[in-house]
1. Give the residues of the range B:316-332 that are out of contact with any helix residue (DSSP H, G or I) (no Cβ under 6 Å at 6 or more places or on another chain) and either loosely packed, with under 15 Cβ neighbours inside 10 Å or touching a residue at least 60 places away in the same chain (Cβ under 8 Å) (or both), sorted by residue number.
2. Cβ-Cβ under 6 Å, sequence separation 6+ or interchain: first residue in the range A:228-245 and within 24 Å of A:L200 (Cβ to Cβ) and part of a loop (DSSP other than H, G, I, E, B), partner modelled with pLDDT of 95 or more and among the acidic types (D, E). Which pairs?
3. Is it the case that A:Q274 is under 18 Å from A:T418 (Cα atoms) and either at the interface with another protein chain (Cβ under 9 Å from one of its Cβ atoms) or loosely packed, with under 13 Cβ neighbours inside 10 Å (or both)?
4. Just to be sure I understand, how many residues within the range B:313-352 are closer than 30 Å to B:A421 by Cα, part of a helix (DSSP H, G or I) and not hydroxyl-bearing (S, T, Y)?
5. If A:A301 satisfies every condition in (1) in contact with a strand residue (DSSP E or B) (Cβ under 9 Å, 6 or more places away or on another chain); (2) at pLDDT 95 or above; (3) surrounded by 16 or more Cβ atoms within 10 Å (Cβ to Cβ); (4) in a helix (DSSP H, G or I) but one, which is the exception?
6. Does the range B:276-294 contain any residue that is under 23 Å from B:G407 (Cα atoms) and among the aliphatic types (A, V, I, L, M)?
7. When both residues are 6+ apart or on different chains and their Cβ atoms are under 7 Å apart, which pairs have a first residue that lies in the range B:16-41 and is farther than 15 Å from B:G129 by Cα, and a second that is among the small types (G, A, S)?
8. Give A:A292, A:A264 a once-over and let me know the one that is under 21 Å from the mean Cα position of the chain (by Cα), touching a residue at least 12 places away in the same chain (Cβ under 8 Å) and either in a helix (DSSP H, G or I) or over 30 Å from B:V339 (Cα atoms) (or both).
There are 2 protein chains.
Amino acid sequence: MTASWLREQYAASKLAPRDVVAEMIRRSVADEHMNIWIAPPDAETIEPYLKRLDTMDRSAPLWGIPFAIKDNIDLANVPTTAGCPAFAYTPDAHAAVVQRLIEAGAIPLGKTNLDQFATGLVGTRSPFGETHNALKPELISGGSSSGSAVAVARGHAVFALGTDTAGSGRVPAALNGLIGLKPSLGSWPTRGVVPACRSLDCVTVFAHELEDAMRVDGVARGPDAADPWTRTIVRRSPELPKRLLLPGGDWPFFGPYASRYEAAWRQAERKAAQLGIEVQTIDYALFAEAAAVLYDGPWVAERWSALGAFIDAHPGAAFPVTERVLRSGSGDRHDAASVFSAMHRIQALKHEAAKLLEDAALLLPTAGGTWSRDEVRVDPIRTNSDMGRWTNHCNLLDLCALAVPAGEAAPDVPFGITLFAVSGGEDMLAKLAIRWADPSGKASQRSSDVSEEQPMTTFVAVCG
Amino acid sequence: MTASWLREQYAASKLAPRDVVAEMIRRSVADEHMNIWIAPPDAETIEPYLKRLDTMDRSAPLWGIPFAIKDNIDLANVPTTAGCPAFAYTPDAHAAVVQRLIEAGAIPLGKTNLDQFATGLVGTRSPFGETHNALKPELISGGSSSGSAVAVARGHAVFALGTDTAGSGRVPAALNGLIGLKPSLGSWPTRGVVPACRSLDCVTVFAHELEDAMRVDGVARGPDAADPWTRTIVRRSPELPKRLLLPGGDWPFFGPYASRYEAAWRQAERKAAQLGIEVQTIDYALFAEAAAVLYDGPWVAERWSALGAFIDAHPGAAFPVTERVLRSGSGDRHDAASVFSAMHRIQALKHEAAKLLEDAALLLPTAGGTWSRDEVRVDPIRTNSDMGRWTNHCNLLDLCALAVPAGEAAPDVPFGITLFAVSGGEDMLAKLAIRWADPSGKASQRSSDVSEEQPMTTFVAVCG
């Protein structure tokens, strides 16, 4: 479901927001076994948000558009659990981004499941159950924004908020066939979000359509006087990149669809060469090095600095794998000097990346494979690490990223690529994504709607 | 001596750069007992820089202007000691800033004494001897850029490069009656500078005249492709600030001139009220908290990350007090999580400071007192900490700063104030400094030259 389609229905009085919400509640109930929601859409909770639409200007950019919220982002008067019941608190106020969306007319539906404390890329590390993949339930959903991605993919919401420190807003987009926009660090406020690595955390959006993601970006973006991590990002040229950088070398694909993933990537490489943009093969080593720093280096201590006191005070409260990962950032393993050494190294890598990406975009597979939920349960650390191989570098290098669908690795196993640019390069990435979706430029920008037509028809039949 | 005066002499062919250098060598020899230089000006070393002036456009912004270089900044083919003979290395290339100055026609004279590894604010922590104050030799020079400041104050150079992590480019300016400009973090390259806290280090300039400091800034400023710490700084409005912030509360003055310093500060406060700018008293607590973090918090580990391996491998090589300070950043005292906690706190303080300084400048005493060299020798840690009380906050909060003279606390004991602005606010500070030097606006901008006339006459007599 897309916002543009909904807006047409509203304009033609074929649907009202109340009908849409009712249908979404129905869908969420039908999919209950998929462990998508922690606080599922609930008519009573949503009612005040529907009511206020009556007195609101209908031209507000997100009027009547229902959205899901990852449960590490505050929605006033609904508990924020971060995937850990013992951690739960009930905020008085919305997170800054949620507040902006509601003011723009969007309807908050509920809170979605996640890898606990947003620590994970698989979507199985939650006491609220393993989130199923939207298309193939035996596969992982990806994470940590598991429920948000699957909620959108399953039509429980038009868009959903995720967060992304290491890839949590991109991996689940790829695994469920969605757009995932991870804006530049500091461009959207993170006030009211449970910190993972506070200096790297971003709020993100999942949507079916690029246009929806960019519309949400337009509303969510901008400094927040009470958020020390927001900054004024200089928006760069919205033109296509001059060069498209692709990684050289042989990078291992993994998981039950490894060879299919590799084939899909080769296909994506061929397509990249036909976009009318100069393609350049680069040494991926600098990105790989940055990626390794995030979990192998002292940055895990940033997670511990935010959550360590809670974990220590609540033995047994955390998901076992999550606690193990978080504790790797505690006390003895990394001293203070090692943080500064790593930061100096990252500063150098960031500088190299910025030069490389001055007038270019980087194109990578979003993930180099996927896993079944069973496989992740057996080997939770290694499988999770694999999922981040192409994503972990991003925030440390201060890049923005746009995950977009790129066909299928196998039937019902979507493949995705991610486009990266330096901070402030979102508009360039959007332009590139449009070219990607329609290399010939013949179809309209909205061509991706076509695949939505079937569910939309069903929806109208049910609601109308 | 000022650059504008020298330019006039050159234009009128009353002096040539070679004469000026010869006189500076003479002066440096005469002041040898003051421990100003580590590599003093030397005719043979300087010769190539004089020669190249012959074929150079005389309109280059710093043509024929001699300058001194703190000995933690590389000058090609001259050892860089950082104040530690065992650490010395001879660089093949100039530091990026030195390179820019030479390309603009400036003449590098030699390398100046410093508190070892730029760790200190007193100017006594050096195996090359305690640098004497330019005006009262029994007093400290201030540091860590001790030799650079005193070289300028004693007329051995027109300007000098210092560095400033915690106040090293401002405290010695105040104690020797000079201008000290600490530009915004990342606005001048630090490539070719021995790191103290690499993420906070700035190269700075000492001069007698604001105009000279700003001219050097114009040459030194700008991104360097090989320096990951440079960034493009958005230059802010060059207008006077709308508000002038002064610290409320009773802050202790210290040292043998404590009461005189306090009187000089009260005088400065009265003067500030007469500049025609709204004065606002603020709670200094946020700046004091940031200042405390620099040395009491985990940032000392950043120094250790750069120098720890050398210190460990060279027992007895470091100055004893310096080693003690550096070792406080090693191993056990701070863990990695504490760095991130401190960074998160600093981020919040930085954000508060930026709001406070949105259209304002902060005015503080540069130092709240001074000490005799004897007193510092007896109690080297506490006396040093006192010197940084009004300076340590600056780089952690991402402010730029301009230290300017503000009369005398006592005969031959200069008093100085520092003006602070958010990153990119140098032009506003310069405008404010002009107003400070000449509140009525009646005298010309060059009125500060008057006090230079006496030595200049002497100089012409000697050289001409």
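1. B:G316, B:P320, B:R324, B:V325, B:G331, B:D332, listed by residue number.
2. Short answer, once both residue conditions are applied: A:T230/A:D224.
3. Numbers: under 18 Å from A:T418 (Cα atoms): yes; either at the interface with another protein chain (Cβ under 9 Å from one of its Cβ atoms) or loosely packed, with under 13 Cβ neighbours inside 10 Å (or both): yes.
Yes; evaluated as a whole, the condition is true for this residue.
4. Step one: of the range B:313-352, the residues closer than 30 Å to B:A421 by Cα are B:325-326, B:329, B:338-352.
Going one step further and asking which of them are part of a helix (DSSP H, G or I), we end up with B:325-326, B:338-352.
Retained after the next criterion (residues that are not hydroxyl-bearing (S, T, Y)): B:325-326, B:339-340, B:342-352.
Matching residues across the range B:313-352 total 15.
5. (2)
6. As a first pass, look at the range B:276-294 and keep what is under 23 Å from B:G407 (Cα atoms): B:276-281.
From what's left, among the aliphatic types (A, V, I, L, M): B:277, B:279.
Yes: one or more hits.
7. B:P17/B:G64; B:M24/B:A157; B:I25/B:A43; B:R27/B:G155; B:P41/B:S28; B:P41/B:G110
8. On inspection, the qualifying residue turns out to be A:A292.
The values are calculated or read from the model by the stated rules, or taken from the named source; none is laboratory data. All values reported here derive from a predicted model rather than from experimental measurement. All Cβ positions, even for glycine, are placed from backbone atoms using ideal geometry, and neighbour counts span all protein chains on display.
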